[in-house]
Amino acid sequence: MTGPLSSLDVAALAFFLAGWIFHALGAEGHIVTRMSLTRAMNAQRAAWMATMARREVRIVDTSIMNGLQQGTAFFASSSLIAVGGCFALLGASDRVLAILSDVPLAGATARPLFEIKVIGLIVILAYSFFKFGWAYRLFNYCSILIGAVPQLSPGSEPNAAIDVAVMRATRMNQLAGKHFNAGLRGVFFSIGYLGWFVDARVFFVTTMVLLAVLIRRQFFSEARKAVLVQDFGPGNGSSIRPDSQ
């Protein structure tokens with residue numbers, strides 16, 4: 001094809017985007033029935049909010065929210081710094097191209113193609129920043145909704161008003177987690193995207209390796225088993241010691 005992008009470049013980029021979409025839909029449970037780590041943690045978010053409603057003192061809940069916000073803010077600022085680094089990379093295109101020309105498997109890359117690749121990386125990192133920024137705001141809203149959950153009287157059971165308030169806080173928490181995961185997914189896929197700077201064939205390989213790692217973590221990892229396990233305890237033949245796994 002004409003233009004800076006070859007047919008192999010277009011195919012590798014399409015494979016990358018398809019893998020990203022496939023993983024996002026799979027993690028959210030839209031195209032696979034197997035429980036993912038993301039969906040399992042959403043259930044735990046709901047359990048957390050239900051437990052929170054029964055707590056008289058909610059210092060532990062505000063501390064957890066604080067940690068979630070700080071982690072989100074860290075990734076947001078890191079993404080913004082990375083975007084700035086990419087703009088600096090555009091200004092040093094000639095030096096970077098000279099370095100890439102010495103990398104094994106790397107073919108000759110024209111400056112326009114290199115700039116397209118850098119702009120694509122900027123788009124991915126900017127997407128991650130906006131996702132993290134929105135997640136931070138939603139975690140802030142969730143803190144407010146937690147504070148709005150009415151307190152239970154001693155010995156009483158949750159009523160309709162408390163149930164509705166808990167549902168609001170749960171949904172907001174899950175939405176915040178969804179956007180945080182989307183931003184983190186963008187950061188992960190930006191690592192696979194780096195293979196394109198070497199060669200389109202390397203781009204295929206880095207995308208496949210990245211997908212394999214992310215799919216394993218979502219559907220076959222020890223973290224997933226830890227969330228889903230139902231029978232931890234003495235006498236059941238299971239151990240929760242890390243060195244037993």
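Every read-out reported here was derived from the displayed coordinates using simple, explicitly stated rules and does not represent laboratory data. Quick caveat, the model's predicted, so the values are computed rather than measured. Positions of Cβ are backbone-derived with ideal geometry, glycine not excepted, and every protein chain shown enters the neighbour counts.
Which one, 33, 72, 62, has the greatest fluctuation when you compute a Gaussian network model over the chain with C-alpha springs under 10 angstrom?
Per the Cα network of the chain with a 10 Å cutoff, 33 tops the list.
Just to confirm my numbers, what's the Cα centroid distance between segment 170-184 and segment 117-143 in Å?
Each part's Cα centre sits 11 Å from the other's.
Toward the positive end of the charge dipole of segment 7-227, about the Cα centre and with charges on Cβ (Lys, Arg +1; Asp, Glu -1), which of 53, 211, 92 goes farthest?
The one lying farthest along the dipole's positive direction is 53.
Provide the gained length on full extension for the span residue 141 to residue 57, in nm with one decimal, where the gain is 0.36 nm per separating residue minus the Cα-Cα distance.
28.3 nm
Once you charge only the Cβ atoms, +1 for Lys and Arg and -1 for Asp and Glu, what is the size of the charge dipole of segment 158-226 about its Cα centre, to the nearest 20 debye? Mind showing how you got there, number by number?
On the way: 9 positive and 3 negative charges, 23 e Å.
For this selection, approximately 100 debye.
State to the nearest 20 debye the size of the charge dipole of the chain about its Cα centre, where the only charges are +1 on K and R beta carbons and -1 on D and E beta carbons. Before the final figure, lay out each step's value.
Working: 21 positive and 13 negative charges, 67 e Å.
Approximately 320 debye in magnitude.
From the C-alpha coordinates alone, can you work out the Kirkwood hydrodynamic radius of segment 7-227, in Å? Don't skip to the answer; put the middle values down first.
Values: mean 1/r = 0.0509 Å⁻¹.
The Cα-based Kirkwood calculation yields 19.7 Å.
Using only DSSP helix segments of four residues or longer, with each worth -39500 (n - 2.57), what per-residue ellipticity at 222 nm results for the chain after dividing by its residue count and rounding to 500? Before the final figure, lay out each step's value.
Numbers: 8 runs with 178 residues, N = 245.
Estimated from H runs of four or more residues: -25500 deg cm²/dmol.
Are there any helices in the chain, counted as whole DSSP H runs, that stretch 20 Å or more along their axis by Cα and score at least 0.5 on average by Kyte-Doolittle, and if so which?
Helix filter hits for the chain: 7-27, 59-91, 111-148, 200-219.
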